[in-house]
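Here is the structure we will look at, set down as structure tokens.
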Amino acid sequence: MDPNVIEAQVVVSSCGHDGPMGAHSVKRLAKLGMVPEVPGMAALDMNSAEDRIVNNTREVVPGMVLCGMELSEVDGSPRMGPTFGAMFVSGQKAAHVALAALRKRQAAAAAKKAGTGAKKEAVAV
């Protein structure tokens, strides 16, 4: 079977432990030397897991936002500690992070396009 390819400016992955698009992809990027080594999940610690998952929700590599338990693989956060409340809040934060990343890319593309237009006008004069 041929590989399926998806192209997007920003991907939000919340597939869980070592998910098919998030932690697994980041592990592959680590093998390629594109991100630091990925430590994997730490032992159960409910007291610290909640805050760590929510606080560490972010764009891990350009265009890839991870949230929920996929972060436990990437950051070495405690496994199975966060409740569904932390998962929900992490997902909400991921949506905001993804929107900010998308807007940043759109602004850069618009600036590049505006700069290209200015160069064309300078050459025409």
Gyration tensor verdict on segment 30-89 (Cα atoms; rounded if a/c is under 1.5, prolate if a/b is larger than b/c, oblate otherwise): oblate
How far apart, in nanometres, would the label points at Ala110 and Thr83 be if each is projected 7 angstrom from Cα along the Cα-to-Cβ direction? 4.2
What does the chain give for Rg and for Dmax, in Å, if only its C-alpha atoms count? 18.3, 67
If you fit an axis through the alpha-carbon atoms of helix 46-55 and take the longest principal axis of the Cα set of the chain, what angle between them do you get, 0 to 90°, nearest 10? 10
Listed peptides 2-11, 105-114, 31-40 by packing density, highest first (mean Cβ within 10 Å): 31-40, 105-114, 2-11
Using only DSSP helix segments of four residues or longer, with each worth -39500 (n - 2.57), what per-residue ellipticity at 222 nm results for the chain after dividing by its residue count and rounding to 500? -17500 deg cm²/dmol
Which cross-chain or sequence-distant (5 or more) residues have an amide H under 5 Å from the amide H of Arg58, H modelled 1.01 Å from N in plane? Leu66
What residue among Met46, Met64, Ala30 has its Cα farthest toward the positive end of the dipole of the chain, where the charges are +1 on Lys, Arg and -1 on Asp, Glu, each on the Cβ? Met64
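Each reported figure results from applying straightforward, stated rules to the coordinates on display, with no laboratory input. If you're wondering where the values come from, they're calculated on a predicted model, not measured in any experiment. Cβ atoms come from the backbone with ideal geometry, glycine included; neighbour counts cover every protein chain shown.
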